[in-house]
Amino acid sequence: METSQTLAYRFGLALVSMSRRSKVALMIAADLVSLPLCFLVAMLLRIGYAGAIADYGIAPYILIPLITISVFAMTGLYGAVVRFIDQRLLTATGFGLALAILFTYMLLRLLDYRGLPHNALMIYWFTAFSYVVTSRLVARAFLRNSNPAARMKPECLVGIYGAGEAGSKLARAMRVNGRYLPVCFFDDKHSLDQRNVAGLKVFHSERLVEIANQRRIGLIVIAIPSATAEQRREIMYRANRSNARVKILCSLMELADNAISTRSIRDLKVDDLLGREPIRPDPDLFARCVRGKNVLVTGGGGSIGSELCRQIITLAPRALHVLDHSEYALYSIESELQARFPDGCIVSHLGSACDAGLVERIIDEHEINTIYHAAAYKHVPLVESNMAEGVRNNVMSAQVVANAAHKLHVQTCVLISSDKAVRPTSVMGASKRVAELIFQAAALKAATGTKFCMVRFGNVLGSSGSVVPLFRKQIECGGPITITHPDIVRYFMSIPEAAQLVMQAGAMATGGDVFAMDMGEPVRIVDLARTMIAMSGLSERNEKNSRGDIEIRFVGLRPGEKLYEELFTASDAVRSKHPRIMTTTEYVIDPDELNQQLIYLMVACTTNDRNMIRFLLQKLVREYTPRANDDDMPEDIRALTGALASTSRLRSLSLVENFR
């Protein structure tokens, strides 16, 4: 035999399954029966005995409810979904009912009809409004309970972390959408514990695990505009103990537009948890070197280069020119930009930034105003093991771009450098510092009309060389996550932040400047790995937790790798026009002397002489300290270096014709 609860559920399900027109008809029919009764109660309260009611005839009991129903229709009461009726609609209905009574009163006065007691109309307002509010709220509760959370999948049951304005808007949006069912709120404020917000109960955040397990909550959504990265991490760790996923509101700027919806929810990203708030660009600096100008991005198919292209095209350049030696990377970014900005002028150039003829032709024919030089090899172990090609590419491309920019009077030329250029221990870092020296020397040239500058930043989350994609892949494969050292730390920034920094630095450049972002405290790589494990809903396998999912394994520092990175060699960095961007000056080398040393370096790259390459890098970059130190260099290499210094420059020209 079916229980009353089962029958109620079936009845509610039948109501929900009805067509919209049938539901409206049912509501009107109910009101046609109930509103005359409300007027009858009003008359009884006014007259005091039932016998006198019949003296007024049946007309008032038909006319007044019909007027009331017409006003209800105009206020939208019958167009609303009963399950999601809110206080605003009921308030509008109350005002509409008052207008209906006022209209009836004026009609009676106009017709000089004195038989009906007018103050009965005031009583009718109270009885009819009480009926409307009670009937709709009861129906709303019944219909919501007829589809309880127990019948929904856990991933659709949502606990909203944050019982403030954003959380309330999100709860209402979820009810309208129907895809998610908000179950309750969690909040850090003890004053809200056990209170009701937007029709949902609020629990203190300390009970998150307990309540989430009790109510089968499968998703926690963070709806706190002021939540710090530390708070987001804590919420994520608590949610993981209850096996619930964690998401976050996509854009808190939507609060101002009152546009929060279920589409505003997105997955947590690693940069949401890094402990530093995103750095906002200065709108004036952001567009100064781009809007209405011809812009060239070298290495435009790479991680940083492609993001630069995405940001640049939004600022209405006259034309965006993208140079990359990878056919697939160039095709990918060109297709993406053309799909998103069909009216934008995007010109792709397939080739190497080391090709002086190609670079000069692009700049000359298209009257380039701004260059962002992002083309470089950046993977430390790969450049270390492919030393000659890594140095040749990073150094020669910088020389080619700087020379072409100076020769053809480009307005602004920005080098994308790296924090690994500061006191480098790797060939990649040393080659990037040499590239900086080239741009600094170019800024010293007499009568140059080009503003040269360099931008350093730390590891870019999600870039091709970042640990984040590697860790994600290792987690997907079941581990282990490999880390070189337990104490290794790095600065991190997002790809959009990196691109915005580059563009703003170009606007602030005066010539030879070195810019870097104030990126807060560095992040321990092992903490990043543990955060990513937790984001995946897994646990670390270690001595304390032998049943964990993912092991973290330390494999030792790689060649050229440092435990920590720096952004400046000196301690005299000062804030620029942007409060979160720092600037400093570094030592420079006389342009003529630098050119001579670069010729020797290219000779060593051409002959693939690793010891000579490392030795010459040390001569150019004072702080470069490779693992194989200077004392380990063979005597014949030292002798060869001295001979090169006294040999005529012409003897090496044939080997470095492309470089020249």
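The values are calculated or read from the model by the stated rules, or taken from the named source; none is laboratory data. The model shown is predicted, which means the values in this text are computed figures rather than measured ones. When we count neighbours, we look across all protein chains shown, and the Cβ atoms used for this are built from the backbone with ideal geometry, even at glycine. In case anyone asks, the SASA skips ligands and DNA or RNA and just uses the protein heavy atoms, side chains included. Shrake-Rupley method; radii C 1.70, N 1.55, O 1.52, S 1.80 Å.
Could you check I53 against (1) modelled with pLDDT under 80; (2) open to solvent by 20 Å² or more (accessible area, probe 1.4 Å); (3) in a helix (DSSP H, G or I) and say which number it fails?
Only one criterion is unmet by I53, namely (2).
May I ask you to verify whether I160 is at pLDDT 85 or above and closer than 25 Å to D193 by Cα?
yes
Would you check which residues across region 210-238 are basic (K, R) and either at positive phi or touching a Phe, Trp or Tyr at 6+ places or on another chain (Cβ under 6 Å) (or both) and list them?
If the condition is that a residue be basic (K, R) and either at positive phi or touching a Phe, Trp or Tyr at 6+ places or on another chain (Cβ under 6 Å) (or both), then R216 is the only one that fits.
For region 180-195, give me each residue that is part of a loop (DSSP other than H, G, I, E, B) and of a type in the set (D, E, K, R).
D188, K189, D193, R195
Scan region 134-150 and tell me whether some residue there is under 19 Å from T75 (Cα atoms) and at pLDDT 85 or above.
Scanning region 134-150, I find at least one residue that is under 19 Å from T75 (Cα atoms) and at pLDDT 85 or above, so the answer is yes.
Can you list residue pairs whose Cβ atoms sit under 6 Å apart, with the first residue in region 214-230 being touching a residue at least 12 places away in the same chain (Cβ under 8 Å) and the second being in a loop (DSSP other than H, G, I, E, B) and surrounded by fewer than 19 Cβ atoms within 10 Å (Cβ to Cβ)? Count only pairs 6 or more apart in sequence or on different chains.
Taking only residues 6 or more apart or on different chains, the pairs are P225/L252; A229/G275.
Does A25 fit the bill of being at pLDDT 75 or above and over 19 Å from A120 (Cα atoms)?
In short, yes.
Can you confirm whether region 445-462 contains a residue that is more than 20 Å from E623 (Cα to Cα), surrounded by fewer than 19 Cβ atoms within 10 Å (Cβ to Cβ), touching a helix residue (DSSP H, G or I) at 6+ places or on another chain (Cβ under 9 Å) and modelled with pLDDT of 85 or more?
no
Just a yes or no: is a residue in region 247-264 modelled with pLDDT under 90, surrounded by 16 or more Cβ atoms within 10 Å (Cβ to Cβ) and assigned to a loop (DSSP other than H, G, I, E, B)?
Yes, there is a match, as at least one residue in region 247-264 is modelled with pLDDT under 90, surrounded by 16 or more Cβ atoms within 10 Å (Cβ to Cβ) and assigned to a loop (DSSP other than H, G, I, E, B).
Given the conditions (1) surrounded by 13 or more Cβ atoms within 10 Å (Cβ to Cβ); (2) farther than 23 Å from G199 by Cβ; (3) aliphatic (A, V, I, L, M); (4) at pLDDT below 80, which single one is not true for L37?
If we test L37 against (1) surrounded by 13 or more Cβ atoms within 10 Å (Cβ to Cβ); (2) farther than 23 Å from G199 by Cβ; (3) aliphatic (A, V, I, L, M); (4) at pLDDT below 80, just (4) comes out false.
Let me confirm something: among I217, I211, I235, which residue is within 22 Å of I533 (Cα to Cα), hydrophobic (A, V, I, L, M, F, W, C), in a helix (DSSP H, G or I) and out of contact with any Lys or Arg (no Cβ under 7 Å at 6 or more places or on another chain)?
Numbers: I217 fails: in a helix (DSSP H, G or I); I211 fails: within 22 Å of I533 (Cα to Cα).
After applying the criteria, what remains is I235.
Considering each of I69, I101, I85, I58 in turn, give the residue that is at pLDDT below 80 and touching a Leu at 6+ places or on another chain (Cβ under 9 Å).
Working: I69 fails: at pLDDT below 80; I101 fails: at pLDDT below 80; I58 fails: touching a Leu at 6+ places or on another chain (Cβ under 9 Å).
Result: I85 is the single residue among I69, I101, I85, I58 that is at pLDDT below 80 and touching a Leu at 6+ places or on another chain (Cβ under 9 Å).
Check region 291-307 and report whether any residue there is more than 17 Å from M503 (Cβ to Cβ), without any contact (Cβ under 8 Å) to a residue 40 or more places away in the chain and under 26 Å from the mean Cα position of the chain (by Cα).
Within region 291-307, one or more residues are more than 17 Å from M503 (Cβ to Cβ), without any contact (Cβ under 8 Å) to a residue 40 or more places away in the chain and under 26 Å from the mean Cα position of the chain (by Cα).
Mind listing just one residue for me: the one in region 186-225 that is acidic (D, E) and under 28 Å from the mean Cα position of the chain (by Cα) and, of those, surrounded by the fewest Cβ atoms within 10 Å (Cβ to Cβ)?
The qualifying residue surrounded by the fewest Cβ atoms within 10 Å (Cβ to Cβ) is E206.
Which one of these does N240 not meet: (1) assigned to a helix (DSSP H, G or I); (2) among the polar types (S, T, N, Q); (3) in contact with a helix residue (DSSP H, G or I) (Cβ under 9 Å, 6 or more places away or on another chain); (4) open to solvent by 50 Å² or more (accessible area, probe 1.4 Å)?
(4)
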